[in-house]
Each structure stands twice: as structure tokens, then as C-alpha cells.
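Shown next, in C-alpha cells, is the structure this report addresses.
The numbers here are math on the coordinates, done by the rules we state, and not lab data. Values in this document were obtained by computation on a predicted structure and should not be read as measured data. FYI the Cβ positions are ideal-geometry reconstructions off the backbone, even for glycines, and counts take in every protein chain you see.
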Amino acid sequence: MTRPSQDTGRAPTDADTDTDTENAASASGDRAPVVVGTPGSFARGVLDERHPALVERVRRATPYPPAHRRALDALLDEITKGSVERLDDDEPGAGLWRDEPYYGRRWADVPFLWAESFFYRKLLAALEHFTPGPWLGIDPFAPFKNAELAGSKVDHELSALDHLPDLPPAEQDRTLLLSSLWGNRADLGFQLSAGEAGLGDRVQGLVVDDSDALWDILAAGVPGGPGKVCLVADNAGPELLPDLVLADHLLATGRATSVVLHLKPYPYYVSDATTTDTLACLDRLTGAPGRAAAVGERLRDAVGAGRLILRSHPFSCAPHPYDRMPADLREDFASATLTVMKGDLNYRRLVGDRHWPATTPFAEATAYFPGPVAALRTLKCDVVTGLAPGTLAELDAGAESWRTSGTHALIQARP
């Protein structure tokens, strides 16, 4: 087994000392406070319910030895009864988290984005994911991911690709974009809260639809024609499959000369996609009948030819918004015709995990981003920007849970 990358997600970045970024964050805080686990909030529910449930689910899924089970017990006790504790000094990469200001405080009282990220880092530490030995690199979420990917529902969705050539080109574009968007409903972490009933028929509840602007950005390309597209993946399995199909479509239709698929360098947030998950999806595609197999073969060839580039950056697992991204990642995004951010976590990191007024323009919240950017996201947390006032009034007059239920979605883009 190849040793996984060391945990460097907390490494200091060039942007950490950027005065403009700090001033912007300060100004944002005046009207958009950082999300924390206040009583009755969605964030508090994740901390009090989803995280303990996940610890138990991980424990049941794999036959861990006694030491690992004791470590899980200790983590469960900490997140339910205690305060935030540091990683052990002998934990690989612990030094990168040493100077955080949140230790000794209640989990609910620190920024939610940081608390979630540190919980998953501590879960991996409890299971010796980074420690040399027999459990090095073992993905604790693999049993869930593998079951999702092998499910009959995936067979049904892949078979639908056989009908794609029957559609006009514009309808093909929209079908594959919406498939990538609504694939986020497959998020395993969301299932812990929504249950199986929450994953029924996908509700076409687009609250923002900038798909025309997205295609226009791709059509404009860069000087000299189409260029690179960065696709920042979210979840593995049934969500990653339509993302890969979309990547194939961008390459096949000449919207992109290459697609850089940004993945997590190690397991993160239950179902987040890694390189291992991507290779499993390629196998799933090539092993399917019909058009899916052809898509899988083209994608495999694209990897070999350097047109589909699998990339993982330590900052993908950092507990910070993208306005603190390091210079090399900023350069990667800046050189792309378009960067597409998939899913809820990437959205929170893109606009900032803050209580923005929902009518705050998406372009304003992402003004720092170094190039054209789009977000494909189903709504499963409180953070949202870019809504028209009339849309917001209509949503607020309806179901209270529209921000968090996963029944609504958005496609946002800015050049």
C-alpha cells in the first residue's frame, strides 16, 4: 500500500498574511458573522447528532481492534461532553494544528467550518490513518462508499446515458449539468440527517440558475480558444460518476482542452472523493454496459494523455475558506477558463462560512477568487448568497428547512 500524504492541510499559506483578505474578512463579519453551533441551528445539529452517529457508524462498519475502539470512545466522549482537545504530540502532522486558538473551548462555540474539519482529522487520528503500521491509509468510509457505488440505482442511472445522443446538443449540455448538480443528493453525510426518505425523487428546485452564464464562460474560453477547466470534486460514488461524465462531455465537445479534477488527498467528510474513489468510478463506468463503458474508456485514455488530470492539494482538507488559499493553488485556479466548485462544503469555503444576507451577490462574496468561478450545489446548510429578493420571500414563506433539506439547489457563475 502506498503511504498517504501527510496531513498538511493546516500549513500556513501565503494568503494567511494578506492584508486585503484580512480587511475583507473583518468587513464581512460586520454583516455576516461566522457560523457557529448556536442552539437550535443546523450547525448545532451536526455537532450534537451527526458526528456522534458517524462515530458509531464507522465503528460498526469495520472490525477495528481494541485500541482503535477505545480511541473512538474517547473521541465520542470529547465531542459530546468535553471541550476541543489538541491532537496527541506523537500524531503525524499534529504540529500543523498546534497554534489554533480554539482548544479548551466547547465544540459548539468555535467556527463551525473549523470544528467540522478538526472532528474528521481527530477521527482519522483515532483510527491511525496517518500512523505507520497496518492501518496506515485505510479509509474508514470505504464500506459506505463501496456500497453506494455498487448499488443497483447506479446501474439505472448509468443506463440513462444510452439515451443522451437522442437529445439536441443544448439539452445534452443541460442534462449533464443538472445530473452533476443533483448528484450531490447522494452525499452520505446528508443521509445521516435526512434518512433514506430524504433521497427520493430529485426535486427540481433551482433557486438560482446561472447555467447560461456558465456555458458562456466556457464558450469564451481563453485567448486562443478553449483552455483548462478546474472541477473541484465533492463526494465520491454516485455523485462523482456524473461529475466524471460532465468532464468527459467538456472534453468531447471542445469546451475544455483539459480538465483538472481536484480531489481530497485523504478521506475527509465521510464521502469526499479521493484518487482511489475516482479510479473505482472509472472501473464502474468501464464495467457497465452501453454508453457508460465508452465514457469510462475515454476518461481512462484522457488520464493517460494528460487531458484529465487528477490533483490533490493539502489545502483541500484545510479548515479555512478559499480566500486563504496558498499561492500555488491560486495560480492553478487563475489559469483556468473556469473553476467549478461542487457541493455544500466547497460552497461554504468559496463564499465563506458566514450568515450572509441571502441576497448578497455571489460575485461580491467571491470577488477575491482569482478567475471565473461557478458553484453547483444542493442546499444542505444555512449559508447561501445570490438570491433574488422575490425568490427569498417565496422560500421563506414556505418550508422552513429549504436551506438545509437538500430539496433546493443552485447554479451560480461569475466571469
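Given segment 198-290, what whole percent of its Cα pairs are spread farther than 23 Å? Beyond 23 Å sits 38 percent of the P(r) for segment 198-290.
Adding -39500 (n - 2.57) for every DSSP H run of four residues or longer, then dividing by how many residues the chain holds, sets the calculated 222 nm ellipticity at -12500 deg cm²/dmol. Paramagnetic label reach from D88 (point 7 Å along Cα→Cβ; backbone nitrogen cut-off under 15 Å): within segment 115-140, residues 122-136.
Taking 0.36 nm per residue of sequence separation and removing the Cα-Cα distance, the A363/S159 pair yields an extension gain of 69.7 nm.
Spin-label model, A393 to R44: label points 7 Å out along the Cα-to-beta-carbon direction sit 3.1 nm apart.
Put simply, when 267-275, 304-312 are sorted by average Cβ atoms within 10 angstrom per residue, most first, you get 267-275, 304-312. Taking Cα centre as origin and charging only the Cβ of basic (Lys, Arg, +1) and acidic (Asp, Glu, -1) residues, the dipole magnitude of the chain rounds to 520 debye.
Summary of the geometry: segment 274-340 and segment 228-262, compared by the centres of their Cα atoms, lie 7 Å apart. For the chain, the Cα-based Rg and Dmax, in that order, read 20.6, 60 Å. Here segment 301-326 is scanned for amide nitrogen atoms under 20 Å from the site 7 Å beyond the Cα of T275 along Cα-to-Cβ, giving 301-318. Comparing L392, L250, L167 in a Gaussian network model of the chain (Cα springs below 10 Å), the most mobile by mean-square fluctuation is L167.
Note down the magnitude of the dipole of segment 301-415 about its Cα centre, charges +1 on Lys and Arg C-beta and -1 on Asp and Glu C-beta and zero elsewhere, to the nearest 20 debye. Kindly include the intermediate steps, with their values, before the conclusion.
On the way: 12 positive and 12 negative charges, 43 e Å.
About 200 debye.
Dipole orientation for the chain: of the candidates L350, Y266, L410, Y266 has the Cα lying most toward the positive pole (charges on Cβ; Lys, Arg +1; Asp, Glu -1).
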